[in-house]
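Q: Input: one structure, supplied below.
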Amino acid sequence: RTPEKLMAAEHFIGFAGDAGVLAAIDAWVLRNACRQAREWSEAGVPFGRIACNLSAQGLADPRVTEQLEADMADLGVAPEWLEIEVSEAVLMQEMIATRIALDKIADLGIALTVEDFGTGYSSVNGLKRFPVRRLKMDREFIKDIPWKEDDVQICRAILALADSLRLEVVAVGVEQQEQEVFLHHA
């Protein structure tokens, strides 16, 4: 038997979007995240939250959020076990279906995170309108702190914005102790 080969998301997401199957993939990922959370919970494994990305197609399809709610009920999944991540670009499209889906997810008690924050055309107004709890700073801002002054100032600005909006921040790509120290004291 030939071993299965894994394919990174960046190689198939565009194709899946063009084929119109991203909502089905989103629903499958969410169901499996619920199953995994349930298994870990039953085994007593402390896992925090399982974060899943949700595409624009998934947010536009009301069946995805309805299925998520049904999966959580069927599998006995607590909302604090899950986190939904949406890209900054998807959030800023400001489509009615996106707003309805995000509100429903927030009403379920699931944490919402904006990923890749700062890499697109962010709207602070959009951040306050959507039920977002967390921002994920893109690794491009993290990789050169505290050595590159421009990135230091951008990180400080994002942290100040998040603090003023009472949002949590996740810094993606922290690899050096100096980066961690800077972020804890910024």
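Q: If you take the residues of the stretch 3-28 that are in a helix (DSSP H, G or I) and of a type in the set (Gly, Ala, Ser), which of them is surrounded by the most Cβ atoms within 10 Å (Cβ to Cβ)? Talk me through it step by step, then tell me what you get.
A: Going through the stretch 3-28, the residues in a helix (DSSP H, G or I) turn out to be 9-19, 22-28.
Cutting the leftovers down to of a type in the set (Gly, Ala, Ser) gives us 9, 14, 16-17, 19, 23-24, 27.
Details: 9: 10, 14: 11, 16: 17, 17: 15, 19: 10, 23: 22, 24: 16, 27: 20.
Looking at the filtered set, the residue picked out is 23.
Q: Okay, next question. Just for the stretch 80-98: of the residues that are assigned to a helix (DSSP H, G or I) and surrounded by fewer than 17 Cβ atoms within 10 Å (Cβ to Cβ), which one is farthest from the chain's Cα centre (by Cα)? Before you say what the answer is, go through the steps one by one.
A: Residues of the stretch 80-98 that are assigned to a helix (DSSP H, G or I), as a first pass: 80-81, 88-92, 96-98.
Narrowing the set further to residues that are surrounded by fewer than 17 Cβ atoms within 10 Å (Cβ to Cβ) leaves 80, 89, 96-97.
Numbers: 80: 14, 89: 12, 96: 19, 97: 18 Å.
Among them, the one singled out is 96.
Q: Let me ask something else. Picking from 43, 23, 70, which residue would you name as being among the small types (Gly, Ala, Ser) and either within 16 Å of the chain's Cα centre (by Cα) or at pLDDT below 95 (or both)?
A: Being among the small types (Gly, Ala, Ser) and either within 16 Å of the chain's Cα centre (by Cα) or at pLDDT below 95 (or both) holds for just one of 43, 23, 70, which is 23.
Q: If you check every pair at least six apart or on different chains, which have Cβ atoms under 9 Å apart with a residue in the stretch 91-111 that is under 19 Å from residue 23 (Cα atoms) first and a residue that is among the aromatic types (Phe, Trp, Tyr) and in a helix (DSSP H, G or I) second?
A: 110/81
Q: On to the next question. Do you know which residues across the stretch 137-157 are within 30 Å of residue 100 (Cα to Cα) and either open to solvent by 40 Å² or more (accessible area, probe 1.4 Å) or at pLDDT 90 or above (or both)? Break it down into steps so the answer makes sense when it comes.
A: Step one: list which residues in the stretch 137-157 are within 30 Å of residue 100 (Cα to Cα), which gives 137-139, 157.
If the condition is that a residue be within 30 Å of residue 100 (Cα to Cα) and either open to solvent by 40 Å² or more (accessible area, probe 1.4 Å) or at pLDDT 90 or above (or both), then 139, 157 are the ones that fit.
Q: Another question about this same structure. Quick one: in the stretch 58-79, of everything that is open to solvent by 60 Å² or more (accessible area, probe 1.4 Å) and not basic (Lys, Arg), which residue is nearest to residue 92 (Cα to Cα)? Before you say what the answer is, go through the steps one by one.
A: First, the residues of the stretch 58-79 that are open to solvent by 60 Å² or more (accessible area, probe 1.4 Å): 62-63, 66-67, 69, 73-74.
Narrowing the set further to residues that are not basic (Lys, Arg) leaves 62, 66-67, 69, 73-74.
Values: 62: 19, 66: 23, 67: 24, 69: 25, 73: 30, 74: 33 Å.
Of everything passing the filter in the stretch 58-79, 62 is nearest to residue 92 (Cα to Cα).
Q: State yes or no: is residue 35 open to solvent by 40 Å² or more (accessible area, probe 1.4 Å), in contact with a helix residue (DSSP H, G or I) (Cβ under 9 Å, 6 or more places away or on another chain) and closer than 21 Å to residue 135 by Cα? Let's see the steps before the verdict.
A: On the way: open to solvent by 40 Å² or more (accessible area, probe 1.4 Å): yes; in contact with a helix residue (DSSP H, G or I) (Cβ under 9 Å, 6 or more places away or on another chain): yes; closer than 21 Å to residue 135 by Cα: no.
Taking the combined requirement at face value, the residue does not satisfy it.
Q: Let me ask something additional. Which count do you get for residues in the stretch 162-186 that are in a helix (DSSP H, G or I) and either over 15 Å from residue 113 (Cβ atoms) or open to solvent by 50 Å² or more (accessible area, probe 1.4 Å) (or both)?
A: First pass over the stretch 162-186, keeping only residues in a helix (DSSP H, G or I): 162-164, 177-185.
From what's left, either over 15 Å from residue 113 (Cβ atoms) or open to solvent by 50 Å² or more (accessible area, probe 1.4 Å) (or both): 163-164, 177-185.
Here the count works out to 11.
Q: Another one. If you check every pair at least six apart or on different chains, which have Cβ atoms under 6 Å apart with a residue in the stretch 38-58 that is farther than 17 Å from residue 134 by Cα first and a residue that is among the β-branched types (Val, Ile, Thr) second?
A: So the pair list comes out as 38/77; 56/90; 58/64.
The values are calculated or read from the model by the stated rules, or taken from the named source; none is laboratory data. Quick caveat, the model's predicted, so the values are computed rather than measured. Don't worry about glycine lacking a Cβ; one is built from the backbone with ideal geometry, like all the others, and counts go over all protein chains shown. Calculation scope for accessible area: heavy atoms of the full protein, side chains included, ligands and nucleic acids excluded. Shrake-Rupley method; radii C 1.70, N 1.55, O 1.52, S 1.80 Å.
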